[in-house]
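Structure record follows, encoded as structure tokens.
Just so it is clear, none of the values below were taken in a lab; they were calculated from the coordinates. Values in this document were obtained by computation on a predicted structure and should not be read as measured data. Cβ atoms come from the backbone with ideal geometry, glycine included; neighbour counts cover every protein chain shown.
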Amino acid sequence: MKVKDLVQEWENAGDSRLAAREFHVRLSLPDAARIAALGEMYPAVTETKIISDLLSAALDELEVAMPYVQGTRVIAEDDRGDPIYEDVGNTARFHALIKKHVAALERELCERG
């Protein structure tokens, strides 16, 4: 999700599946004030949801910003038949680690079930 799409989501006040684990953060004064202002602007959305959505959007943007590092193995072809090479940079490692942690977090949810 992109940051620009959050306002529309907050106006519709949608829900999503949450991890069992909680994360606690201490915000700077200006950031805390901005979260409070958003909470006042969108009273149907909790400040926790606002922080969660902003963090999710930032992580999406961070993932997109990771540089592509071309490997030597062809993994597909584009619509013109040109080879598409595997990404051997941090993006591939990040995706593998995400899968590992999703599995662990899902186990936590099941155990607390």
Restricting to Cα pairs under 8 Å and 6 or more apart, the percent relative contact order of the chain works out to 26
Note, M41: beta-carbon cut-off 11 Å, +1 each Lys/Arg, -1 each Asp/Glu, net -1
Here the residues of region 46-61 lying in the modelled label zone of T91, meaning backbone nitrogen under 14 Å from a point 7 Å along Cα-to-Cβ, are 60-61
Computed on Cα atoms, Rg of region 18-60 relative to 2.2 N^0.38 Å comes out at 1.18
For P(r) over Cα pairs in 5 Å bins from 0, in percent the list reads (1) 2, 9, 13, 15, 16, 14, 13, 8, 5, 4, 0; (2) 2, 11, 22, 23, 18, 13, 7, 3, 1, 0; (3) 2, 12, 24, 27, 21, 11, 3, 0; the calculated value is entry (1)
In degrees, nearest 10, the alpha-carbon axis of helix 47-65 is tilted away from the dominant principal axis of the alpha carbons of the chain by 20
Magnitude of the Cβ-charge dipole (Lys and Arg +1, Asp and Glu -1) of the chain about the Cα centre, nearest 20 debye, reported as 460
Once amide hydrogens are built 1.01 Å from N within the peptide plane, the residues lying 5 or more places from Y85 or on another chain with amide H under 5 Å from its amide H are I75
Between the residues H101, V74, N90, the Cα farthest towards the positive end of the dipole of region 67-113, that dipole coming from +1 and -1 charges on the beta-carbon of Lys, Arg, Asp and Glu, is from H101
Total charge of the residues flanking T72 in space, meaning their Cβ is under 14 Å from its Cβ, with Lys and Arg +1 and Asp and Glu -1, is -1
For region 5-113, whose charge dipole is built from +1 on Lys and Arg Cβ atoms and -1 on Asp and Glu Cβ atoms, the candidate among A33, C110, N12 with its Cα farthest towards the positive end is C110
To the nearest 20 debye, region 67-113 has a Cα-centred charge dipole, built from +1 on Lys and Arg Cβ and -1 on Asp and Glu Cβ, of 320
For 21-32, 57-68, ranked highest to lowest by mean beta-carbon neighbours within 10 Å, the order is 57-68, 21-32
If every Lys and Arg gets +1 and every Asp and Glu gets -1 at its Cβ, then about the Cα centre region 37-95 yields a dipole, in debye to the nearest 20, of 200
Check: in the chain the Lys pairs 8 or more apart or on separate chains whose Cα atoms fall under 24 Å apart number 4
For the chain, longest principal axis from Cα atoms; helix 3-12 axis from its Cα atoms; angle between them, nearest 10 degrees, is 50
